[in-house]
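One structure is given here, and the rest of the page talks about it.
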Amino acid sequence: LVREAEIIPVRIAVRNMVAGSMAKRFGVEEGTPLPRSIVEYYWKNDEFNDPMVTEEHITAFGWAAPQDIDDMLALSLRINDYLCGLFYSAGLKLVDFKLEFGRSYDENGEMRIIIADEISPDTCRLWDVETLKKLDKDRFRHDMDDIAEAYQEVARRLGVLPTNGPDDVSETKIMQ
Ligand code: TMP
C-alpha cells in the first residue's frame, strides 16, 4: 500500500478564490473570485518560512527539473478540475488547496511524479456553497469551534463518513 518517494521540496497552492495568505499579501477581500485558477510554488523550508518561489528558483537551485515542474503543474490543474466538481456536487466550494509531490521509481528505474501528501480539509479551504461557512482547517487557525463536526460534515456529504465508526474523534482509534 505504501510506495517510497523522493520528496520534492516544493509545495504547490492552487487557488480558485482569494483567501488566506493571498488575501493578506495583496490586501484583497477573502472570497473574491479569480478569473482563472492560479498556481503558486513555495519552497518547503521552515527555517525560511516557506517562501514563495518561481519556476526559475526551482530549477536554479535544483529542487526540480523543468519536466518535473511541467508534470506537477499539469497534475495540479487536473486535480483542481476533478476536486472542484467533486466538492461542488457535495455543496462545497473548493477555495484553494495545497499539494506536495515526489519522484517514484518503478522496477526498471522509470521515474514518475506522484502526489506524496494527503488531500483533506487540513490541506484545502472548503466553504459551504450557500452559507459560505468554513468547513476546513481555518476553523482551527481562527480559533472557531466545531472543527470535528465540520470535518465530519465534509465526510458525510462526500459519503465517506463511516456510519459504524466511533462518534468520538478526539483520539485515534483503529477502525476496520
Ligand atoms: P495559504 O493561503 O496559507 O497560502 O494556504 C493556501 C492553501 O494551502 C490552503 O488551502 C491551506 C493550504 N496549506 C497547507 O495545507 N499547509 C501549509 O503549510 C500552508 C501554508 C497552506
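From the list L73, L1, the lone residue that is at pLDDT below 95 and of a type outside the set (S, T, N, Q) is L1. Being of a type in the set (A, V, I, L, M, F, W, C) and in contact with an Asp or Glu (Cβ under 6 Å, 6 or more places away or on another chain) holds for only one residue in A19, A60, A64, and it is A19. Being surrounded by 13 or more Cβ atoms within 10 Å (Cβ to Cβ), free of Cβ contacts under 8 Å to residues at least 24 places away in the same chain and more than 23 Å from L94 (Cβ to Cβ) narrows it down to one of A5, A23, A65, so name that one. When all the criteria are applied, what remains is A65.
Quick grid of which residues meet (1) more than 13 Å from the chain's Cα centre (by Cα); (2) among the hydroxyl-bearing types (S, T, Y); (3) in a helix (DSSP H, G or I); (4) surrounded by fewer than 18 Cβ atoms within 10 Å (Cβ to Cβ):
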| residue | (1), (2), (3), (4) |
| --- | --- |
| L75 | no, no, yes, yes |
| L83 | no, no, yes, no |
| L94 | no, no, no, no |
| R103 | yes, no, no, no |
| N108 | yes, no, no, yes |
| R112 | yes, no, no, yes |
| E130 | yes, no, no, yes |
| D136 | no, no, no, no |
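Residue pairs whose Cβ atoms lie under 9 Å apart, separated by 6 or more positions or on different chains, with the first residue in region 72-84 and within 12 Å of I113 (Cβ to Cβ) and the second assigned to a helix (DSSP H, G or I), are L73/E55. Against the numbered list (1) among the small types (G, A, S); (2) on the phi > 0 side of the Ramachandran plot; (3) open to solvent by 40 Å² or more (accessible area, probe 1.4 Å), S89 comes up short only at (2). Quick check: is even one residue across region 22-29 more than 20 Å from L77 (Cα to Cα), of a type in the set (G, A, S), out of contact with any Phe, Trp or Tyr (no Cβ under 6 Å at 6 or more places or on another chain) and at pLDDT 95 or above? Scanning region 22-29, I find at least one residue that is more than 20 Å from L77 (Cα to Cα), of a type in the set (G, A, S), out of contact with any Phe, Trp or Tyr (no Cβ under 6 Å at 6 or more places or on another chain) and at pLDDT 95 or above, so the answer is yes. Pick from E171, E118: which is open to solvent by 70 Å² or more (accessible area, probe 1.4 Å), at pLDDT below 95, within 15 Å of the chain's Cα centre (by Cα) and not aliphatic (A, V, I, L, M)? Exactly one of E171, E118 is open to solvent by 70 Å² or more (accessible area, probe 1.4 Å), at pLDDT below 95, within 15 Å of the chain's Cα centre (by Cα) and not aliphatic (A, V, I, L, M), namely E118. Out of the residues in region 138-167 that are open to solvent by less than 80 Å² (accessible area, probe 1.4 Å) and outside any helix (DSSP H, G or I), which is nearest to the ligand (Cβ to nearest atom)? Taking the candidates together, the pick is M144. Taken over region 15-60, the criterion of being within 11 Å of the ligand (Cβ to nearest atom), assigned to a loop (DSSP other than H, G, I, E, B) and of a type in the set (A, V, I, L, M, F, W, C) is satisfied by V18, A19.
The values are calculated or read from the model by the stated rules, or taken from the named source; none is laboratory data. As the structure is a computational prediction, the values presented were derived from the model and not from experiment. FYI the Cβ positions are ideal-geometry reconstructions off the backbone, even for glycines, and counts take in every protein chain you see. Just so you know, the surface numbers come from the protein's heavy atoms only, side chains and all, with ligands and any DNA or RNA stripped out. Shrake-Rupley method; radii C 1.70, N 1.55, O 1.52, S 1.80 Å.
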